[in-house]
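Input: a single structure, listed below in structure tokens.
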There are 2 protein chains.
Amino acid sequence: MGSVDPSRLSLVLFARLSGLVVAVSVLYWALFLPNLGLSYSTLHPLLMVIGFILVSGEAILIHRWLPGSRKTKKAVHLWLQGMALASAVFGIWTKFHYQRGVFANFYSLHSWMGLLSVSLFAAQWVTGFMSFWHRGEVRTTRTTFLPWHVFLGLYTYGLAIATAETGLLEKLTFLQTKRNVPRRGSESMTVNGLGLGLALLGCIVITAAILPKYQSHSRDEKLVYSSQDRPKCLSS
Amino acid sequence: MGSVDPSRLSLVLFARLSGLVVAVSVLYWALFLPNLGLSYSTLHPLLMVIGFILVSGEAILIHRWLPGSRKTKKAVHLWLQGMALASAVFGIWTKFHYQRGVFANFYSLHSWMGLLSVSLFAAQWVTGFMSFWHRGEVRTTRTTFLPWHVFLGLYTYGLAIATAETGLLEKLTFLQTKRNVPRRGSESMTVNGLGLGLALLGCIVITAAILPKYQSHSRDEKLVYSSQDRPKCLSS
């Protein structure tokens, strides 16, 4: 069991704080502002922002703060990412309910990026499950695979956030041009704040994920920056 | 002078290929499709995608392939990033020419994210110039600062790409709702392809930037992944 240093813990708390701002913004937009209403249109941003992005961010952070054995951390990481994947699939499913059939709505860049993110996420989950949890691979294969799992996971997380930003812009531009929603009204400002909150959240979660401890006494994974063959930590 | 290994060189070539696809897509959209036309509206995506994102990506990759001394690499990196910054500022300036004054157009999440990206980029350029080129800082300060410069630089690059994606969605949704541009027409598909190309480009450039050599014989910077206190390379 490794000790948790204060700088990493404060990053985790900061991530939670920005996550809270994001969650409150999307709930306020979906439930209290008039243009979404209770429908599949409301479910989609709730599932994608809270169920997919926020839960997935928590799963990434598990390795940074949760005490206990590596097996416990991996189990919680796997379950949380499984919940995030289920939310994402359910979130896509909500878009199957408009007119003109199942695939008629998948025309936009937002939907293409979303399908790419969720496909990458599902592939990551399955390969992660097989190699870490199921332990079907030999140790050297898993050791080689781990940094790629971390890198691809963080890339997928970033892509999911970028996709959410495009979704916010798509919806807001539609509301502003078709339904005359004011460009500086409370709905527009709430969605803009939500978008900035997501960008901030992404930065903090990725920083917390790759920042090593100042002095590492544990046997955790860490990412070390080496300049001119003299290794040093990102936080040194 | 460090040798360049094949896997990193192939990533650089792959980045160039996806960059070429992105450049051709944005040029085709701006110059040959009817809804942009030759105006400030055309200049903005050209400056932001080619002048800012593609040139900035090249500047990031300089450290991965250019032979020569560290000073040469830093000089080319600095000049290219300076060109990218100038393009970005010019690209924002093109949005000062619509009705209702200078700041009337900065209402959208896209513009807020864009201002954040360019501000971060400018801060990175100035601090990078001061600490590396001007060498105003002592060596230990620069050594501590370098990994943060790399991390914040890659984050800013990712944020700029996410901002571009939101811009594409904003423009396309506007064209589809206001001007009845077909959702599966050539313009929509070109912009969608451009967006996917940008997402791919971002992935390749960031991978090339953090991927160390298989066997490092040079004195270049590298990012090393260490698991259970046994350092190993991402590509091992």
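The values are calculated or read from the model by the stated rules, or taken from the named source; none is laboratory data. A quick note: this is a predicted structure, and the numbers were derived from the prediction, not measured. Because the Cβ atoms are built from the backbone with ideal geometry, glycine has one as well, and the counts that use them run over all protein chains shown. Surface accessibility is based on the protein's heavy atoms, side chains included, excluding ligands, DNA and RNA. Shrake-Rupley method; radii C 1.70, N 1.55, O 1.52, S 1.80 Å.
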*Heavy-atom accessible surface, probe 1.4 Å, ligands and DNA/RNA ignored: which residues of the range A:148-175 lose at least 30 Å² versus the isolated chain?*
A:Trp148, A:Phe151, A:Tyr155, A:Glu165, A:Thr166, A:Leu169, A:Glu170, A:Thr173, A:Phe174
*Using the 7 Å Cα-to-Cβ label point, sort the distances from B:Ser119 to its equivalents in the other copies shortest first and give them in nm to one decimal.*
3.7
_If you roll a 1.4 angstrom probe over the protein chains with everything in place, what fraction of the accessible area of the range A:6-214 belongs to carbon and sulfur, to the nearest %?_
73
*Give a residue-ordered list of calculated ³J(HN,Hα) values for the range A:179-188 (Karplus: 6.51 cos²θ - 1.76 cosθ + 1.60, θ = phi - 60°; whole Hz; x for Gly, Pro).*
10, 6, 5, x, 5, 10, x, 5, 5, 4
_Accessible area buried at the B-A interface, both sides summed, 1.4 Å probe (Å², nearest 100)_ = 5800
_Mean accessible surface per residue for the range A:6-214, computed with a 1.4 Å probe while every protein chain stays in place, in Å²_ = 44
*Charge dipole (the range A:6-214, unit charges on Cβ, about Cα centre) - positive-most of A:Phe106, A:Pro182, A:Pro147*: A:Pro147
*In Å and from the alpha-carbon atoms only, list the Rg and Dmax of the range B:6-212.*
18.0, 59
*Once the label point is placed 7 Å from Cα along Cβ, list for A:Lys178 the distances to the corresponding points in the other copies, in nm, shortest first.*
1.6
*So what J values fall out for the range B:11-20 if you push phi through Karplus, 6.51 cos²θ - 1.76 cosθ + 1.60 with θ = phi - 60°, rounded to Hz, Gly and Pro as x?*
5, 4, 5, 5, 4, 4, 5, 5, x, 5
*Measuring label to label, 7 Å along Cα→Cβ, what does B:Phe106 give against each other copy in nm, shortest first?*
4.0
